[in-house]
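One structure is given below, encoded as structure tokens.
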Amino acid sequence: MKKDYSPTAIILDIVFCACTIGINALYFKRNIPLFSAGIAVCAVMIIVNIVCLVLAIKKQNQNERYNKIITFISMLCTIIAALIPLIGVLVLMFK
């Protein structure tokens, strides 16, 4: 029987989104509208990741495809949350 690592991956995604909020907070004074939007999006993505975590824990005995979809949604949310500070730092670099 395979071990399911989807809850662990989703927890790491939540930690990564929390770190992204910290990055947005560090650069907040340089471009207030962009990084405040980044903080808001990261907060929403953390909520989505928590919902994915609850679904993954609640339905642990589901098939492998269900777990992959939940993990994929969580990782996609984390990538979206990380793109905003990345774009913001690039805007600040080439300004």
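Just so you know, all these numbers are worked out from the coordinates, no wet-lab data involved. As the structure is a prediction and not an experimental result, all values here were calculated from the model. Ideal geometry is used to build each Cβ from the backbone, glycine not excepted, and the neighbour counts take in all protein chains shown.
Observations
- Paramagnetic reach from Val51 in the stretch 5-29 [backbone N under 20 Å; point 7 Å along Cα→Cβ]: 6-18, 21
- Seen against the Cα atoms of the chain and their longest principal axis, helix 6-26 is set at about 10 degrees.
- Distance from the alpha carbon centroid of the stretch 39-87 to that of the stretch 13-33 works out to 18 angstrom.
- q = 0.13, 0.20 Å⁻¹, the chain: log10 I(q)/I(0) [Debye, one scatterer per Cα]: -0.47, -0.84
- Förster-model FRET efficiency, 30 Å R0, Leu12 and Lys95, C-beta, rounded to 0.05: 0.35
- Added length on full extension, which subtracts the Cα-Cα distance from 0.36 nm per residue, Ile87 to Ala25: 20.9 nm
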